[in-house]
There are 4 protein chains.
Amino acid sequence: MTQTKQVAQIVGTLVVSCPDQKGLIATLAQTLADHGVNIIDTQQHTDLEAGMFFQRLRFDATELDLTRSQFEKLLGERLLPLEMKWRLSFADEKARVAIFTSKFEHCIYDLLIRHRLGELDCEIPLVISNHPDLEHVAKSFNIPYKVFPITKENKAEQELAAIALLRQNNIDLVILARYMQILSPMFIEEFPSQIINIHHGTLPAFMGAKPYHQAHERGVKLIGATAHYATSDLDMGPIIAQEVIACSHIDNIEDLIRKGRDMERITLGRAVRAHLEERIIVHGGKTVVF
Amino acid sequence: MTQTKQVAQIVGTLVVSCPDQKGLIATLAQTLADHGVNIIDTQQHTDLEAGMFFQRLRFDATELDLTRSQFEKLLGERLLPLEMKWRLSFADEKARVAIFTSKFEHCIYDLLIRHRLGELDCEIPLVISNHPDLEHVAKSFNIPYKVFPITKENKAEQELAAIALLRQNNIDLVILARYMQILSPMFIEEFPSQIINIHHGTLPAFMGAKPYHQAHERGVKLIGATAHYATSDLDMGPIIAQEVIACSHIDNIEDLIRKGRDMERITLGRAVRAHLEERIIVHGGKTVVF
Amino acid sequence: MTQTKQVAQIVGTLVVSCPDQKGLIATLAQTLADHGVNIIDTQQHTDLEAGMFFQRLRFDATELDLTRSQFEKLLGERLLPLEMKWRLSFADEKARVAIFTSKFEHCIYDLLIRHRLGELDCEIPLVISNHPDLEHVAKSFNIPYKVFPITKENKAEQELAAIALLRQNNIDLVILARYMQILSPMFIEEFPSQIINIHHGTLPAFMGAKPYHQAHERGVKLIGATAHYATSDLDMGPIIAQEVIACSHIDNIEDLIRKGRDMERITLGRAVRAHLEERIIVHGGKTVVF
Amino acid sequence: MTQTKQVAQIVGTLVVSCPDQKGLIATLAQTLADHGVNIIDTQQHTDLEAGMFFQRLRFDATELDLTRSQFEKLLGERLLPLEMKWRLSFADEKARVAIFTSKFEHCIYDLLIRHRLGELDCEIPLVISNHPDLEHVAKSFNIPYKVFPITKENKAEQELAAIALLRQNNIDLVILARYMQILSPMFIEEFPSQIINIHHGTLPAFMGAKPYHQAHERGVKLIGATAHYATSDLDMGPIIAQEVIACSHIDNIEDLIRKGRDMERITLGRAVRAHLEERIIVHGGKTVVF
């Protein structure tokens, strides 16, 4: 009796950016085709002002005729002369994510539920907080919860301990799920374009603390949230996603906070998913989100 | 032969605001009921923080047993002790509106089409511009178009001439439909809460000039427009309506401007309609929009 | 030493509907004012086509000079001649809610988190399911989880058992949080306008099963969800809230389901909150949602 | 003195679809690169269910080393073996558009204003109507307005006359801007995927006549519009764009119609623009809109 050999598809993603020039799409497509790689889909953008080329290629590597490290080496050789920045990933090597939280539970809950539902293709081996309050949330999803209380005095030290723990857990992405501490530039530079923060305002409006109070004070008719990469320039990091919802004179601060929570959850979930699907390229303080 | 006497309904609107206190709703409703006036619908809001009461009452005055001026006098007597600010209007006394424009035609066209379609219940006897460019638009709707060219030297003088023309035309509302001149405080104070401006940004983000360029520079993912009453503090007037639309890395400045035009038209149209329907109360730099 | 006596505010809500006639607002406001009741805010609507009057009055009953039952009796006497349907509630008498669920966890999680965050002012003493799968969710919020497995044969019997359990728990509102069984007319008639269902389609499009598959098949550019009161006429109950999100050719069925989940959660949360705040009046197969 | 020779860019667009297979992207990119054509941007989609490949390539043809007809011939030879359907266009060969209208002026006005503002890159040499009412609109934009009154008796004859006029004017796209006649299958088949209709409902809900009345009757909380290609199966053509706006118990039929007009204008404008930019591919009753 013959047996059907079911070969599982191996999906990879190549994300590139470089100064624009002729023939880039052909070069990339041909390089992949030459080694048995079939492109499943691709997104491409040329920023004419910046003179930059950006592309994401998702491909089936089942019939790749090289080892992954040989393939990486080949890409390095081919893409170097094009001044190309690139990153390569495979779906079977899942990103490892740590969630930072404080006392607001809506964002962490939302991320953990999305993860369980299969919306976020990653591992979440670690939750870090400066307060013990939300241990029950992490625990109900069987995720270790580590508390680093922060004071003015111990902040540098605690950040170093947290970084060590992140390194030890091979963390690729840090999500600040309403973490109510400002990370130091030192911490942020350890994880360039690897820390996603949710700001509860539609940046650049309402930067800083208490954006809902600011919005209420000003009498705006829309409130919302912004997911962005953390940079050492507070609230100025590259924006990934934004959402708003209508508000009116009827809404007091509590109503704005409540409405805002829904926007925070949706915006953060969308940004994290885009990051994990390798859809984001940061360039010049802005993002391309394919 | 019997003749059916068709009595046309006479609709009036009473808009009030005052420090909150017990019995206001009953007092107002009873005052109207006592004189044959039937409330068609009412909107009410209490701002607990500010301790303020706001109400709009739309009523059928067909069987009002007083003349309008007697009715006004009565309201004055009853509402004075309550420290009430109020305004009274009747649907058969249409507001008179002047549109100010410069060279962008989308907003003025939009207003004139909405007017023709019956969305804006007013008269538009006058278009004023600092440029001759859009005369054809006003003309195709049979509206006089008056040009007041503005230079640094003649600005004060031209504004006085414009005000005189507005007064002469009994204008109740001025709409700045992408009028590219900053009105002087003197002009604005002539028409308190009677000048609606459309700003092509989601205030308080992107105040000042070139909001689309600012938005593009910052890499935001939403752009929009804000309709507000003009105050002498530029771009800080009470917000009436705001709308946004998604944008992305694909959109260059021209795309943002194009997308923004749709938001400007919708936002301005909505704000003007709310004003004409007597749905707006300004209090403390913010609006109640019923 | 003098002691400050802090009197907690007692908030009540009166919701009324009746054939429209003159003087209703004055009568209601005066009735409340006569007995020391201060109206905090009110929403009112007149449906001119149907000739119906609707009003919601939220009031401070701290200085009510009657007992609650005397007050109810008084309202009955005053409102009967006006053919008024009315309901009266007090914020300190919380509604008791049961959640029905099956295997999808996003909606039940969302409701329980909103409840914990204080968005839903009610008690949730009971979760009922036809499957054991989600016991861990209810358990992590310390809520009893009761399984009634349904087969063709036992459906009537199990429904009766569920109704008995609901009655025993004094349940005021049943939420079908993606409960994958069709309730019998008998069950539904036990709880008129007291069962809220979330349908994963923008009714009346995509009635019945598999709305996302239908939407995908048709190639629509928007998908969404509808929260409605359950009636014996499936998917035809009065609509409370609807939300949509953009979709495109990129989205496969799984993507539509994922995007739809966000709309389901937001729509259901909004509808339940409106119900609990006594903002909804059902009339003629439609809702007034103040 | 040296003279700078400013070469104007010649932009072309190639749109292809075919059964999916390996190497398509490389083949297309290489074919263009071989003849001096530089890809400006590209969008690509693979429909895994249908096994179909779709791509749009926008390119700079300034240094194309073939004549356009040679280039077309070459593409034919290369793409035939791939079972590829393709279309090629150049920005300097503008599409020619005819607008069909009846008595509602908002959609035709909107299209003509967008055209004047440069949003719609086409020529509009012709407006056709079954009524004389809107001649003034076409006239104010200097466009010929031709009336074909339709009766039961003359419909076939008038359609033939209209088709003849369209052919005579080399019309590439027909826009039904609230044209209140149903085109016969004969007419529609003359212009496959070349007739865009705006339906004032969120299809597939509210097919047929009076969608706003249907929506009002049902008590929905969202209304909207759908732009689609006309097919002989009424209201079932491939959907291009949809937009909705919130509505409530407050809105009577007139309000729904008014709110709907804004959605119709935006949806139709967006669909026409996508068509003119060669962003749409129809496949299997659905659209890919890049």
Taking the inverse of the average 1/r across all pairs of different Cα atoms in segment B:230-290, what Kirkwood radius in Å do you get? 13.2
Could you work out how far the C-alpha centroid of segment A:222-240 sits from that of segment C:33-66, in angstrom? 44
Carbon and sulfur: what percent of segment A:223-290's accessible surface (1.4 Å probe)? 53
Report the net charge of residues surrounding C:L183, where surrounding means a beta-carbon distance below 13 angstrom and charges are Lys +1, Arg +1, Asp -1, Glu -1. -4
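As a test of the definition: with a 1.4 Å probe, what buried accessible area, both sides summed, do you compute for D against C, in Å² to the nearest 100?
On the way: alone 15380 and 15350 Å², together 28260 Å².
Adding both sides of the contact gives about 2500 Å².
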Please figure out what share of the DSSP beta bridges in chain C is antiparallel and state it in percent, rounded to the nearest 5. 70
If eta is 1.306 mPa s and T is 10 °C, what Stokes-Einstein diffusion coefficient results for chain B, Kirkwood Rh from Cα pairs, in µm²/s? 76
Nonlocal amide H pairs with B:A61, under 5 Å, H built at 1.01 Å: B:I10, B:V11, B:G12
Give the average, rounded to an integer, of partner chain Cβ atoms located within 10 angstrom of each Cβ in B:19-28. 5
Give the distance, in whole Å, between the Cα centre of segment C:104-176 and the Cα centre of segment B:97-132. 57
Enter the angle in degrees (range 0 to 90, nearest 10) between the Cα long axis of helix B:253-276 and the first principal axis of the Cα atoms of chain B, meaning the one along which they spread out most. 20
Selected from D:A215, D:A33, D:A162 as most flexible by GNM, with chain D as the system and alpha-carbon contacts under 10 Å: D:A33
If we count every other residue with Cβ under 13 angstrom of C:D20's Cβ, Lys/Arg +1 and Asp/Glu -1, where does the sum land? -4
In order through segment D:215-220: 3J(HN,Hα) via Karplus (6.51 cos²θ - 1.76 cosθ + 1.60), integer Hz, x for Gly, Pro: 5, 5, 4, 7, x, 6
Taking the rotation axis that maps chain B onto chain A, which residue of B brings its Cβ closest to that axis, and at what distance in whole Å? B:A205, 2
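Normalised radius of gyration for segment D:11-90, please: alpha carbon Rg relative to 2.2 N^0.38 Å, two decimal places.
Compactness ratio reported: 1.04.
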Assigned charges on the beta-carbon of Lys, Arg, Asp, Glu; segment B:68-164 dipole about Cα centre (debye): 120
Put simply, what bits of segment C:40-62 lose 10 Å² or more of accessible area when the other protein chains are there, versus the chain on its own (1.4 Å probe)? C:I40, C:D41, C:T42, C:Q44, C:H45, C:T46, C:L48, C:E49
GNM on chain D, Cα springs under 10 Å; top mean-square fluctuation among D:K22, D:K103, D:K146 goes to D:K22
Helix-derived mean residue ellipticity, 222 nm - over the protein assembly as shown, DSSP H n ≥ 4, -39500 (n - 2.57), to 500: -9500 deg cm²/dmol
Take a quick pass over chain D and tell me how many lysine pairs come in under 26 angstrom between Cα atoms, counting only ones 8 or more apart or on separate chains. 25
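Take the Cα pairs of the protein assembly as shown, get the Kirkwood Rh, then feed it into Stokes-Einstein at 37 °C and 0.692 mPa s and tell me D in µm²/s. List each step's numbers first, then the result.
Values: Rh = 32.9 Å.
D = 100 µm²/s.
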If R0 = 60 Å, then C:D92 and B:N154, at their Cβ-Cβ distance, give a FRET efficiency to the nearest 0.05 of 0.35
Largest first, what is the accessible-area ranking of C:H106, A:H283 with a 1.4 Å probe? A:H283, C:H106
Note on segment A:236-255: residues buried by at least 30 Å² of accessible area once partner chains are added (vs chain on its own, 1.4 Å probe) come out as A:I239, A:Q242, A:V244, A:H249
For the pair A:S193 and A:A50, the simple spin-label estimate (label points 7 Å beyond Cα toward Cβ) gives in nm 0.9
Name the long-range amide H neighbours of A:L126: under 5 Å, sequence gap of 5 or more, or other chain; modelled H, no Pro or chain starts. A:I99
In the neighborhood of B:M236, defined by Cβ-to-Cβ distances under 14 Å, what is the net charge if each Lys or Arg adds +1 and each Asp or Glu adds -1? -1
Among B:V37, B:A61, B:F141, the residue whose Cα sits farthest towards the positive end of the charge dipole of chain B, when +1 is placed on the Cβ of each Lys and Arg and -1 on the Cβ of each Asp and Glu, is B:F141
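Quick check for me: using +1 on Lys/Arg Cβ and -1 on Asp/Glu Cβ, what's the dipole size of chain C about its Cα centre, in debye to the nearest 20?
Details: 31 positive and 37 negative charges, 75 e Å.
Computed charge dipole of chain C: roughly 360 debye.
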I need to check one value: relative contact order of segment B:95-289, counting alpha carbon pairs closer than 8 Å and at least 6 residues apart, in percent. 20
Rg/Rh for segment A:1-151, where both radii come from Cα atoms and Rh is the Kirkwood radius: 1.12
Which distance in nm do the two modelled labels at C:I250 and A:E123 give, with both placed 7 Å along the Cα-to-Cβ direction? 2.9
Residue-ordered couplings for segment C:92-109, obtained by feeding phi - 60° into the Karplus form 6.51 cos²θ - 1.76 cosθ + 1.60 and rounding to whole Hz (Gly and Pro as x), are 7, 10, 6, 5, 10, 10, 10, 9, 9, 9, 10, 10, 7, 9, 5, 6, 5, 4
Multiply the residue gap between C:H213 and C:M186 by 0.36 nm, knock off their C-alpha separation, and tell me the result in nm, one decimal place. 6.7 nm
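Where nothing but the Cβ of Lys and Arg (+1) and of Asp and Glu (-1) is charged, how large is the charge dipole of the protein assembly as shown around its Cα centre, in debye to the nearest 20?
Numbers: 124 positive and 148 negative charges, 1 e Å.
Dipole of the protein assembly as shown, to the nearest 20 debye: 0 debye.
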Which of B:I196, B:I25, B:I128 moves most in a GNM of chain B, Cα contacts under 10 Å? B:I25
Over segment A:99-220, what per residue volume does the convex hull of the Cα atoms give, in whole Å³? 126
Which value in nm describes the separation of the simple spin-label points at A:A164 and D:D133, placed 7 Å from the Cα toward the beta carbon? 7.9
So what are the ³J(HN,Hα) numbers for segment B:135-141, from phi and the Karplus equation (6.51, -1.76, 1.60; θ = phi - 60°), rounded to whole Hz, Gly and Pro as x? 4, 4, 5, 4, 4, 5, 10
What are the distances, in nm and sorted shortest first, from the label point of D:L234 to the label points of the same position in each other copy, with each label point placed 7 Å from Cα along the Cα-to-Cβ direction? 2.9, 5.6, 6.3
Ignoring ligands and nucleic acids, A:L134 exposes an accessible area, probe 1.4 Å, in Å² to the nearest 10, of 10
Run the label-point distances for D:I163 please: 7 Å along Cα to Cβ, every other copy, nanometres, shortest first. 6.3, 6.6, 7.5
Compare the Cα positions of B:I128, B:P185, B:L160 along the charge dipole of chain B (+1 at Cβ of Lys, Arg; -1 at Cβ of Asp, Glu; about the Cα centre) and return the one farthest towards the positive end. B:I128
Distances from A:K152 to the same residue in each other copy, label points 7 Å out along Cα→Cβ, in nm, shortest first? 5.0, 7.5, 9.0
I'd like the carbon and sulfur percentage of the solvent accessible area for segment C:56-180, probe radius 1.4 Å, heavy atoms only, ligands and nucleic acids excluded. 51
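The values are calculated or read from the model by the stated rules, or taken from the named source; none is laboratory data. Keep in mind it's a predicted model, so treat the numbers as computed, not measured. Don't worry about glycine lacking a Cβ; one is built from the backbone with ideal geometry, like all the others, and counts go over all protein chains shown. To get the accessible areas, we keep the full protein, side chains included, count just its heavy atoms, and leave off ligands, DNA and RNA. Shrake-Rupley method; radii C 1.70, N 1.55, O 1.52, S 1.80 Å.
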